[in-house]
């Protein structure tokens, strides 16, 4: 039975429970001649909630835990000798999973009975051919142990699936029955339902905590794992980044950190003056018409996905900078460069800086402007000497938030900055960033236990700590130094 | 007194040096501000025009119109029952196509001197024969008839008419020769070859490195749609439930503070970190398949949640307390007051925030790269819910994928895909604006 149908059945039980529960409440109230404590539909709702929510939670949890629990058993069949040269345990297990999937598909088509399966042996039967008929392609000939593991996996999956179906249906039925039997006219159904819903609301708001915990734990565990096979000293102090997938890599973070900071610096150099001046002009000088047009236009920039900026850097800005500036002046030949990524990222950050600064400038009270004008200052003097100092903490906070955005930005640097890890000052050369290397180390067929892959988690943790630190600092500055106007 | 000052500072009608300096500084400052505004708007215009200008070509494709007689001797040598038809390979159809092209060329009197049949057949897309075969397999009654078939021209020929390929570049290119380009020009003049709207760009799956002319966005659009479905189904209820709790029920305590801090931090976590989370938790830990919309949907849900929670809380806050008080006053419980009265009134704001969150999620690329959505996927995923577990691509990832390929024809397609993405985003934002305008109440 597929998961979709299972969910539908649970929902049907719930809806039937709702109708029956409501009727039962009404009929019992009529029979006993009492008034119901709650509205009739609350009795129905209590049955509905008890029938569906625990069962669906069980289903979700089971689906999440099942692969881990049963793959361990199948993996026990694989010995060291079954892992071919140049391959790894993970790859062999992927094969096992594919074959198990093929066996399940064959069974589903009715081409394979349980007896057949028990008799099938890798060294006797043409497994490849049978699997190919089910649309599953297997690389080379299947080794006996691999096939045994796949058989065990397929069997465990079937068993687990059956148990899950039974357990979920039982949970649903039991929940419905308990709630149904509890229906009496004096039962406080509304209170029960509201408590239940409140619990659901609390549970939903816990997702945020769970997500953060998930991020921190997954980054932390894999980073610890990384430092067990690669010296932390090298990672933090080495000045070269040179991953070799055959081992003997040098994985120093400095070239990446330098690229990240350099590009972010250029991006801020572009976005902070433009964004701040645009915000000042729009809130202090611009007429209604210009504001009505320019403000949304700048905000459109914020709604454009970063992949669009990336493509812009790749096909327009990069070649332009190379052909017009870098090549004629002999700075470099590369179209992907620090300057390309920095410029484009700067454009992306303009609306970020300008809308944050706009809010802050508008929060400065009119009385301060009036006071300044009263002393004879003109508009620009008022802005520079009264408004900006008053808004400074907020502006600094906005700049820090923009910096945290710039450091964590991925697509623009992947497409605009290049992949060469360098410690260099020339902005027309390609350099690379932390995010680019996370992408390049984790995409493609990678073996999970090698330092070259695990380093991505250490980089991710660095990134997470950096951006989190900047955000906390920004909030702190804004809170600490904000002028309180009445 | 005025006399005295006038004698020191000169006339008020004549600005002194200091005033002139101050006024000049004022004008300069204004000019900087205006310059910044103009610069940002120009950046927007330049960005959009460069991407849009590059991409429109992807919607039009060079096709060669052929009248093909589907000779049963070639396409159905062993009868027309489906199994026998399926045995005829693409190569057979390819030969048929080649014959037709040459016949068409001689019929129109186009000079093909100095070109071998192989050169001429190489001007067709490598996928054209497969297209024809699919057409026949889908409708065997066509066999024996003469049909009009639009065969795609090779990507290089197409590039010539779009200005991407020139005679000079063709001379250096092993895939196309100047003679072929000249012939293509003669074919266009004879009306045999033309640029036509290409619906396949929106519906066809991705194609391999050598066949840019048939690469389409079908799988990517479907994958993105699946992910948006998952995000909507998970993030909307979760986000609304969390906001209701935090805004209406949560007591002021440590736990509430912790939740609030977490939500605001999650909103600022770089998107790629969510990708790492997806890879570590959903794929490695929970064993969900790589490149599957379900994993992408879950990751994007977690990313969108803060957006939805923040806008939902604002919408709930905007509902005046008098509504709650009135409901409580006539005997509603707190839960009833919120679900029956506050929530419906806040709904337009919630939906607006949700749509904007979805639009953000639709354009998100980086986390999807890490969970394997860059893989080359040609098969359409099945219908949901099983299809959620099939490999698929996503619109922004498809763009990235195409930019990494060598043939410049894929750049044009990447820009075209961006146009499609932007159309979706504009449509979603327009719906959000309309919702806000139509239903938002001012209290």
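Residue A:465 meets all of the listed conditions (1) more than 9 Å from chain B (Cβ to nearest Cβ); (2) buried (at least 21 other Cβ atoms within 10 Å of the Cβ); (3) at pLDDT 85 or above but one, namely (2). In the stretch B:336-348 there is no residue matching the filter, namely being more than 10 Å from chain A (Cβ to nearest Cβ), at positive phi and free of Cβ contacts under 8 Å to residues at least 24 places away in the same chain. Every condition in (1) more than 17 Å from residue B:190 (Cα to Cα); (2) surrounded by 14 or more Cβ atoms within 10 Å (Cβ to Cβ); (3) in contact (Cβ under 8 Å) with a residue 60 or more places away in the chain; (4) over 36 Å from the mean Cα position of the chain (by Cα) is met by residue B:114 except one, and the failing one is (2). The helices (runs of 4 or more DSSP H) located wholly in the stretch A:349-415 that include 3 or more residues which are over 22 Å from residue A:281 (Cβ atoms) and at the interface with another protein chain (Cβ under 10 Å from one of its Cβ atoms) occupy A:388-408.
Restricting attention to the stretch B:371-401, the residues that are more than 8 Å from chain A (Cβ to nearest Cβ), under 23 Å from residue B:54 (Cα atoms) and assigned to a loop (DSSP other than H, G, I, E, B) total 2. For the stretch B:67-88, filtering for residues that are part of a loop (DSSP other than H, G, I, E, B) and in contact (Cβ under 8 Å) with a residue 12 or more places away in the chain leaves 5.
Of note, residue B:136 satisfies the criterion of being surrounded by 13 or more Cβ atoms within 10 Å (Cβ to Cβ), under 37 Å from the mean Cα position of the chain (by Cα) and either assigned to a loop (DSSP other than H, G, I, E, B) or touching a residue at least 12 places away in the same chain (Cβ under 8 Å) (or both).
Taking the condition within 14 Å of another protein chain (Cβ to nearest Cβ) and under 26 Å from the mean Cα position of the chain (by Cα), does residue A:235 pass? No: the conditions fail for residue A:235.
Within the stretch B:402-413, count every residue that is free of Cβ contacts under 8 Å to residues at least 60 places away in the same chain and either crowded, with 24+ Cβ neighbours inside 10 Å or outside any loop (DSSP other than H, G, I, E, B) (or both). Result for the stretch B:402-413: 1. Only residues that are facing chain A (nearest Cβ under 7 Å), touching a residue at least 40 places away in the same chain (Cβ under 8 Å) and more than 17 Å from residue A:202 (Cα to Cα) were counted across the stretch B:278-305, and they come to 1.
When B:48, B:97 are checked against the criterion of being within 30 Å of residue A:291 (Cα to Cα), surrounded by 14 or more Cβ atoms within 10 Å (Cβ to Cβ) and either in contact with a helix residue (DSSP H, G or I) (Cβ under 6 Å, 6 or more places away or on another chain) or within 14 Å of another protein chain (Cβ to nearest Cβ) (or both), a single residue qualifies: B:48. The listed residues are A:16, A:55, A:30, and the only one of them that is farther than 30 Å from residue B:284 by Cα and modelled with pLDDT of 90 or more turns out to be A:16.
Among the residues of the stretch A:261-310, those that are more than 11 Å from every other protein chain (Cβ to nearest Cβ) and under 18 Å from residue A:427 (Cβ atoms) comprise A:261, A:262, A:263, A:264, A:265, A:266, A:267, A:268, A:269.
Annotation note: of B:174, B:208, B:169, the sole residue that is free of Cβ contacts under 8 Å to residues at least 24 places away in the same chain, closer than 16 Å to residue B:125 by Cα and either under 31 Å from the mean Cα position of the chain (by Cα) or not in a helix (DSSP H, G or I) (or both) is B:174.
Residue B:368 meets all of the listed conditions (1) surrounded by 23 or more Cβ atoms within 10 Å (Cβ to Cβ); (2) more than 12 Å from chain A (Cβ to nearest Cβ); (3) closer than 30 Å to residue A:411 by Cα but one, namely (2).
Filtered by the rule that a residue be within 16 Å of residue A:55 (Cα to Cα) and within 14 Å of another protein chain (Cβ to nearest Cβ), the stretch A:168-196 gives a lone residue, A:196. Residues that are more than 9 Å from chain A (Cβ to nearest Cβ), exposed (fewer than 14 other Cβ atoms within 10 Å of the Cβ) and in contact with a helix residue (DSSP H, G or I) (Cβ under 8 Å, 6 or more places away or on another chain) within the stretch B:231-259 are absent altogether. Collect the residues in the stretch B:271-326 that are modelled with pLDDT of 90 or more and not in a helix (DSSP H, G or I), keeping them in residue-number order. B:319, B:320, listed by residue number.
The values are calculated or read from the model by the stated rules, or taken from the named source; none is laboratory data. Treat the numbers as computed from the prediction; the structure is a model and nothing was measured. Positions of Cβ are backbone-derived with ideal geometry, glycine not excepted, and every protein chain shown enters the neighbour counts.
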